[in-house]
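Structure, as structure tokens:
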Amino acid sequence: MGAKASLRLQQEVADTYRLAFVGGYFYFTAWLVVAYYGKAFVHSTLIAWTITTIFAVLAVLRGLHRVPVNKPDQRTHIIWLRVHWCIVVATTTLFGIVFTWVMLDDRLAAGHVVVLLAVMGLSVAVAHAFSMRLGFAVVGVAMLYLPGLFALWISPRDPASAWMMSIYFTYVCVALWRSNADYLHHLDVDQQLRDQRDLFEQQGRTDALTELANRRFFTESLMSMSQSAERSGHDLVLMVLDLDHFKNINDQYGHAVGDACLSIFASRLKAKFGNDHEHVARLGGEEFGVLLQGHALEIAMMRAEDFRQLCMSEPIQVGNVALSMTVSIGVAAFDAKHHHDGDGLYRAADTAVYHAKNSGRNRVCRHMPDMA
């Protein structure tokens, strides 16, 4: 099951619990009213108290059967739904038994009108509130409604009620079908809104051309990581990479080839610096950045040199064009005393890359305190 289906399932679980939480007490209360006017406790004391106890237990179970909260998987949610629906269907089935009993037992005739009204109200409640799972809801309504309706039809005393309850049952079925369609549409709309939100968040932190982090997100990460490094004392190294003579590629081959070149370069960079605690971004134009957490400066210098040699030895192929590409790299290790924050670290790495370019390009330079 995919992430979207998992979110829909979580929403369904939350809605089911919320809507079912107090429903059991309405069945319990409706039964007490029917039993009072039908004098069930007088004519069938044991049965009446047994039904009362079961309704009370089922009502309490709805509240006690809580939604899993400790990061459950989809299977856990599915099992939870089935168990909760069993509680709901057991409640409607019990009231369906009450409906049938009252219709067939002449001693409870005084409760006929009350039980008819109760069944009509409770069936509509199921149709509108518990339409998340159409199959379960149909079973719930059928068990609540049909046994007593059958009892009405076989009893010759009140054919008008039988006809009206049959017509009303048709309405309940239509309402249930429409309510289920509305609920599924509601889930679809919620998913679309989540997709749009995720897209906006993705666009807010990702460079569209290279699919790397953009400068804004990289700057936020740099600030956060520099603060963490200052607190913990862990190593943090920043590389700033600038493609050499990239303007010549755009001028000679056009921006389409230049964009393809940037995209391929970004893929190479991501492949070389894509491990945990390594963060790659396009800072703008032909400038890229790499943040390395937990890396000593010497190791970072060696990896930067390896990548520089890779770029020099393997031309970038764009269609039929093979582009020889070199890169200048500036490297700086975070020092809270000298850099103070992420901005200071960036200025140090940026100074180093400009030193590399001014020294002839195609080289790796580490930041030194005496660099202007």
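All of the numbers you see were taken from the coordinates with simple rules; none came from a lab. Being a predicted model, the structure only gives us computed values, none of them experimental. Cβ atoms come from the backbone with ideal geometry, glycine included; neighbour counts cover every protein chain shown.
Things worth noting here:
- Among the listed options (1) 38.4; (2) 17.1; (3) 27.0, the one matching mean projected area of the Cα convex hull in nm² as calculated from these coordinates is (3).
- Value of relative contact order over region 1-104, rounded to a whole percent, pairs C-alpha under 8 Å and six or more apart: 39
- Where only DSSP H runs of four or more residues are counted, the chain gives -23500 deg cm²/dmol as its mean residue ellipticity at 222 nm, each run worth -39500 (n - 2.57).
- Cα point-scatterer Debye curve for region 116-207, base-10 log of I(q)/I(0) at q = 0.11, 0.20, 0.23 Å⁻¹: -0.45, -0.89, -1.05
- For the chain, hydrophobic long helices are taken as DSSP H runs at least 20 Å long by C-alpha position along their axis with mean Kyte-Doolittle hydropathy of 0.0 or more; these are 23-38, 45-64, 74-104, 112-129, 134-154, 255-272, 297-313.
- Spin-label pair Phe41/Met302, simplified geometry with 7 Å Cα→Cβ offset, distance in nm: 8.5
- Hull shadow area, averaged, region 3-200 [alpha-carbon convex hull, nm²]: 11.5
- If R0 is taken as 22 Å, the Cβ-Cβ distance between Arg347 and Lys247 corresponds to a FRET efficiency of 0.40.
- Extending 7 Å from the Cα toward the beta-carbon at both Trp177 and Gln309 defines two label points whose distance is 7.3 nm.
- Relative pair counts by distance (%), Cα atoms of region 215-366, 10 Å bins: 12, 43, 32, 11, 2, 0
- Chain lengthening between Ile167 and Thr52 when straightened (0.36 nm per residue, less Cα-Cα): 38.4 nm
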